[in-house]
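Read through the structure below, which is laid out as structure tokens, and then see the notes.
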Amino acid sequence: MRLCRQDYARLLGQGEQVHAAYLLIRDSILFTDRRLILVDKQGITGKKVEYHSIPYRSITHFSVETAGTFDLDAELKIWISGTAAPVEKTFTKGVDIYEVPAILTQYVAK
């Protein structure tokens, strides 16, 4: 979490707090008390970065797919109002994927 605060502090609004942050294979996902922030590193070096800010009220539904015997990665899919395809993020082995829907439910169900 400390890495997240240092690296992404400029993205946060006044008083906005990071509830949880996950480092994915290359990207990051941050759950704040106001929105979901997706950090998409692009290119070979990853120096070019695209930030997606998704208000929780825009999330229509989400799904979590747990890791299996041969597929070791877990997946999160988030459907956003006004888009047909979901945003998909892959979590590597070692992440407690069950934390993610608990966090999303806390904010989306408001």
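None of the figures in this text is laboratory data; all of them are computed from the coordinates on show. Remember, predicted model here, so these are calculated numbers, not experimental data. Note: ideal-geometry Cβ built from the backbone for every residue, glycine included; neighbour counts use all protein chains shown.
Pairs of Cα atoms under 8 Å, at least six residues apart: use those to get the relative contact order of the stretch 2-108, whole percent. Intermediate values should be presented prior to the final figure.
Numbers: 158 pairs, mean separation 17.8, N = 107.
Across the stretch 2-108, relative contact order equals 17 percent.
Fully extended, how many nm does the chain gain between His52 and Glu99 (0.36 nm per residue separation, minus their Cα-Cα distance)? Walk me through the numbers before you get to the answer.
On the way: separation 47, 0.36 × 47 = 16.92 nm, distance 2.10 nm.
Length gained, His52 through Glu99: 14.8 nm.
Among the listed pairs Lys77/Lys110; Lys48/Lys77; Lys89/Lys110, which are separated by more than 21 Å between their Cα atoms? Each step should come with its number before you reach the end.
Working: Lys77/Lys110 19 Å; Lys48/Lys77 24 Å; Lys89/Lys110 23 Å.
Distance filter (> 21 Å) returns Lys48/Lys77; Lys89/Lys110.
Between the stretch 53-98 and the stretch 23-49, how many Å separate their Cα centres?
If we compute the Cα centre of each part, the gap is 14 Å.
How far apart, in nanometres, would the label points at Ser81 and Lys110 be if each is projected 7 angstrom from Cα along the Cα-to-Cβ direction?
Inter-label distance under the simple model: 1.4 nm.
Convert each backbone phi in the stretch 57-67 into a coupling constant with the Karplus relation 6.51 cos²θ - 1.76 cosθ + 1.60 (shift: θ = phi - 60°), then list the ³J(HN,Hα) values in order as whole Hz, x for Gly and Pro.
Karplus-based 3J(HN,Hα) across the stretch 57-67 equals 5, 7, 7, 8, 6, 8, 9, 10, 10, 6, 5 Hz.
So what is the calculated 222 nm ellipticity per residue for the chain, using -39500 (n - 2.57) for each DSSP H run with n of 4 or more, over all residues, to the nearest 500 deg cm²/dmol?
On the way: 2 runs with 17 residues, N = 110.
Dividing the helical sum by the residues of the chain leaves -4500 deg cm²/dmol.
Taking springs between alpha-carbon atoms closer than 10 angstrom, which of Leu30, Leu72, Leu12 fluctuates most in the Gaussian network model of the chain?
Leu72
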